[in-house]
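Here's the structure we're looking at; comments come further down.
The values are calculated or read from the model by the stated rules, or taken from the named source; none is laboratory data. None of these values were measured; they are calculated from a predicted model. Neighbour counts are summed over all protein chains in view; Cβ atoms, including those assigned to glycine, are modelled from backbone coordinates with ideal geometry.
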Amino acid sequence: MNRGPIEPRLYLADIRHVRSGGSRYRLRHRTYLWLVDLDRLPRLPRPLRPLARFEAGDHFGGGAPSIRAGLDAFLAARGAGLPAGSRVLMLAHARVFGHVFNPLTVYWCHGPDGSLRHVVAEVHNTYGERHCYLLPPETARGDRGDLDVVPVPVPVPKEFYVSPFLAVEGAYRMRLPEPGDHLALTVRLAGGADGARLTATVRGERRPAGARGLLCAALRRPWSTAAVSVGIRFHGVRLRLRGLPVRPRPRHVPQEGLK
């Protein structure tokens with residue numbers, strides 16, 4: 001049976017990207033992320049609400065009445081709708097002082113019996129575009145995030161322009177285990193014509209998500225969402241100064257269920 005809703009969790013996270021093949025580059029960013037039940041989003045005291053808001057317009061097509069409704073529309077358009085009594089957990093940044101940018105949001109979709117039915121990886125780029133990958137439950141197998149120990153059976157073709165320095169080529173291998181006390185996500189991209197490879201990891205430790213826990217996280221990582229946006233642009237400038245060519249951005253066609 002479904003274990004029912006969970007209480008919100010915070011994860012102090014360490015994000016690292018390593019680019020190899022042709023031009024090597026590393027970056028590291030520290031932040032904090034929320035794990036929330038989409039049917040039971042956090043209700044914070046009024047003074048703390050500027051530090052964490054979850055809005056439907058920040059996910060999927062942006063026009064659904066709730067994040068859960070946006071996810072359900074995406075799944076239904078692919079014949080993968082969830083039955084009544086299902087539960088969905090989302091790992092994401094919340095809005096902080098009105099700003100949010102989620103390069104990657106992950107949804108773990110559980111059926112009424114508690115079994116994992118789907119994993120959805122929602123990717124945003126800095127051009128305001130979004131794309132979602134519907135992934136099998138095997139994507140969440142294992143708890144180390146190590147693709148070499150527990151290989152993903154089927155690579156996922158890249159379908160979305162994210163970095164101006166990487167063409168829409170190649171395939172992802174994703175290991176996205178549902179967080180417990182620890183957070184350990186791994187995404188690898190390889191197979192592009194230029195030989196570039198990218199490995200992104202998210203590692204973190206669970207922290208209390210009450211008022212005190214949120215204040216501590218916000219003080220350690222002030223305006224964390226703005227820091228993400230600034231950091232992406234800063235590293236983009238550095239890569240451009242290194243002479244990496246900018247790949248043309250193709251016209252973006254919103255996916256069915258995200259319009």
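Report yes if some residue within the range 58-70 is touching a strand residue (DSSP E or B) at 6+ places or on another chain (Cβ under 7 Å), polar (S, T, N, Q) and more than 30 Å from His235 (Cα to Cα); otherwise report no.
no
Applying the selection to the range 24-63, what residues are of a type in the set (Gly, Ala, Ser), in contact with a Gly (Cβ under 8 Å, 6 or more places away or on another chain) and at pLDDT 95 or above?
Residues satisfying the conditions are Ala56, Gly57.
Just to check your reading of the model, which residue among Phe165, Phe160 is modelled with pLDDT of 95 or more, among the aromatic types (Phe, Trp, Tyr) and part of a loop (DSSP other than H, G, I, E, B)? Talk me through it step by step, then tell me what you get.
On the way: Phe165 fails: modelled with pLDDT of 95 or more.
Just one listed residue meets the conditions, Phe160.
Are there any pairs, at least 6 apart or on different chains, whose C-beta atoms fall under 6 Å, with the first in the range 69-85 and touching a residue at least 60 places away in the same chain (Cβ under 8 Å) and the second among the charged types (D, E, K, R) and in a helix (DSSP H, G or I), and if so, which?
none
Run Leu189 past the list (1) closer than 24 Å to His99 by Cα; (2) without any contact (Cβ under 8 Å) to a residue 60 or more places away in the chain and report the number of the one that doesn't hold.
(1)
In the range 27-68, what residues are of a type in the set (Lys, Arg) and in a strand (DSSP E or B)? Step through it out loud before you land on a result.
Here is the first cut: in the range 27-68, the residues of a type in the set (Lys, Arg) are 28, 30, 40, 43, 46, 49, 53, 68.
Within the range 27-68, Arg28, Arg30, Arg40, Arg53 qualify.
Within the range 61-82, is even one residue closer than 15 Å to Thr225 by Cα and of a type in the set (Lys, Arg)?
First, pick out the residues of the range 61-82 that are closer than 15 Å to Thr225 by Cα: none.
Within the range 61-82 (the criterion being closer than 15 Å to Thr225 by Cα and of a type in the set (Lys, Arg)), the answer is no, since none of the residues qualifies.
Would you pick out the residues in the range 9-26 that are under 19 Å from the mean Cα position of the chain (by Cα) and among the aromatic types (Phe, Trp, Tyr)?
Selection gives Tyr11 alone.
Would the range 214-236 turn up any residue that is under 23 Å from Leu89 (Cα atoms), surrounded by fewer than 18 Cβ atoms within 10 Å (Cβ to Cβ) and in contact (Cβ under 8 Å) with a residue 12 or more places away in the chain?
Yes: the range 214-236 contains one or more residues that are under 23 Å from Leu89 (Cα atoms), surrounded by fewer than 18 Cβ atoms within 10 Å (Cβ to Cβ) and in contact (Cβ under 8 Å) with a residue 12 or more places away in the chain.
Could you count how many residues in the range 3-36 are touching a strand residue (DSSP E or B) at 6+ places or on another chain (Cβ under 6 Å) and more than 21 Å from Val228 (Cβ to Cβ)?
The total comes to 4.
Taking Ala190, is it in contact with a His (Cβ under 6 Å, 6 or more places away or on another chain), buried (at least 16 other Cβ atoms within 10 Å of the Cβ) and more than 24 Å from Ile67 (Cα to Cα)?
No: the conditions fail for Ala190.
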